[in-house]
Amino acid sequence: MSEGPVPEPTPETLPFWEGTAAGELRIQRCNACEKFYFYPRPYCPTCLSEDVEWRPVSGRGSLASYNINYRPFPAFKTDQPQVIALVQLDEGVRLMSNIVGVEPTPENLPLGLRLKVGFEPRGDQFLPVFTPETTEAE
Amino acid sequence: MTTQSMHGGNIAIVGASETDQIGKLPNTSMIHLHTNAARRAIADAGIDKSEIDGVATAGPTAIEVADMLGIRPRWVDGTMIGGCSFMALVRHAAAAISAGAANVVLVTHGESGRSHVGVPGYGRAASSISGQFEAPYGALAPYSSFTTPVLAFLKSRGFTREDLAEVVVAQRQWAIPNERAQRRDPIDVEGVLATPPIAYPFTRDMCCVVTDAGGALVVTSAERAKDLPSADRAVYLLGSGEGTESVIVSQMDDLETFGPFRRGAKEAFETAGVTHADIDHVMFYDAFAHLPMYMLEDTGFVGKGESAAFFKEGHTRPGGDLPMNTQGGGLSYTHSGMYGMFAIQEAVRQLRGEAVVQVPDVTTSFVQGVGMMFGAGGSLVLSNQRG
């Protein structure tokens, strides 16, 4: 269990959080535009169509940008640096997450680094977090 | 009485003041940073309070600000788009005055950003979009969220951390002679990099100071301005723009450029009918060292990838050909939380010839704000000539 703010699902975002609890990253896709989008909304932000669906995605992506936060807020109950990352999923959407399972140094975190999702318990929810793909391959 | 256009010099800032003190003010509540600056701005304008029929603010409600000052306005605006709210509020005030919906508008700001006196809770709901999709990862403060796109920006242009530090070095030079500035020690690139790490790639001095401070403006028609005691110090609104993008930083349309800067500045220049060559002075909202880089490129003063060299070559420093953030900026002067008001205040001082470090021959200033961590932008073209 990691410490920190616990996300509170709304009716419109609940399927995302039900997905993470089931070990799946689910992202919405517009059937009209044939494109994934994020953050969750009950319609497509491009064409406003309600013909949208939740789809499990690969959970793989690459590191688009990040910072290494040396001053975590007290809620996290840690003085260890946090990697606050922007992850570009292979399906084309970008989301914020943490990179875990790797020493938080710039050398370990080149942009473009391949990542895969995992799920970390936080309160009554599960947060999608990412680890470098290579750590598993080794 | 209505004027033809909100732009082109038909609307003027006739009163402008910061709080008498800025910095650490543990004995002043947030709302009285507003009222202190407001009373000073009204006095600066030389206008009777009874003429003020519009009140605009961001943070507390316009109801509270107006009532605290004993004003019963017929027009109010509480547009809240973060630190650039004040650019937008000046713009909205100009529109209202042009349309006849208000005659004299008071725009106020005040934040007890450092001492947190009389400040309502800043907590964000765990059910909000940021509460669900960013706060859980540590993006709870500007330093840990506003900074997330920066490595992508730097990499796309081949820029380095040293380039970020150059922005700080340039601006510090303006702050050194300014006794109201918070950070006044001379510093070089190595020195900036040696300050404590905050959120890689940012060190402390690449992040703004945190202060208690306020500021206020009095805005009216150029016609009314002519008859005020402050007539010869009026600053005219030539052009403006504003816009918004995503509610959370991770969803920026493009990590390497910000739409509201591009679009807002374009509209501001078009409505003003001036070009970049006409601008003598710029204020670029600098909560962090990367913002002036984005802004220089996105507002079109330099091309993509040219901002780092521009800072390094000294164009923005004292004596340079594009003096920027001439009171030291958010990085060195003051930053209460929503800095936009202070960028406007310094532009007004420069245009009036009243700045602590006065740039010679300033006629036209461009002010670019940002709000809510790449959520919004606001742009103003201000001049001491009516156009």
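The values are calculated or read from the model by the stated rules, or taken from the named source; none is laboratory data. Everything numeric here is computed off the predicted structure, so don't read it as measured data. Please note: Cβ atoms are built from the backbone with ideal geometry, for glycine as well, and neighbour counts cover all protein chains shown.
Taking region A:76-104 as the range and being among the acidic types (D, E) and modelled with pLDDT of 95 or more as the test, the residues that pass are A:D90, A:E91, A:E103. In region B:227-256, the residues that are farther than 23 Å from B:E270 by Cβ form Cβ pairs under 7 Å with partners that are in a loop (DSSP other than H, G, I, E, B) and among the acidic types (D, E), at six or more places apart or across chains, as follows: B:I248/B:E134; B:S250/B:E134; B:M252/B:E245. Filtering A:E8, A:E3, A:E18 for residues that are more than 10 Å from chain B (Cβ to nearest Cβ), outside any helix (DSSP H, G or I) and within 29 Å of A:P72 (Cα to Cα) leaves a single hit, A:E3. Among the residues making up region B:363-387, those that are in contact with a helix residue (DSSP H, G or I) (Cβ under 7 Å, 6 or more places away or on another chain) and closer than 14 Å to B:E242 by Cβ are B:V367, B:Q368, B:G369, B:V370, B:G371, B:A376, B:G377, B:G378, B:S379, B:L380, B:V381. B:A165: of a type outside the set (D, E, K, R) and at the interface with chain A (Cβ under 10 Å from one of its Cβ atoms), yes or no? Taking the combined requirement at face value, the residue does not satisfy it. Condition check for B:P177 on (1) within 17 Å of B:Y200 (Cα to Cα); (2) touching a residue at least 24 places away in the same chain (Cβ under 8 Å): one failure, at (1). Where strands (runs of 3 or more DSSP E) fall wholly inside region A:62-138, the ranges with 1 or more residues that are more than 12 Å from chain B (Cβ to nearest Cβ) are A:114-122, A:125-132. Scanning region B:235-271 for residues that are away from chain A (no Cβ under 14 Å) and over 19 Å from the mean Cα position of the chain (by Cα), we see that the one that is surrounded by the fewest Cβ atoms within 10 Å (Cβ to Cβ) is B:E270.
Among the residues of region A:121-138, those that are modelled with pLDDT of 95 or more and out of contact with any strand residue (DSSP E or B) (no Cβ under 9 Å at 6 or more places or on another chain) comprise A:R122, A:G123, A:D124, A:Q125. Note on region B:272-368: enclosed helices (runs of 4 or more DSSP H) holding 2 or more residues that are farther than 23 Å from B:T19 by Cα are B:291-298, B:307-312.
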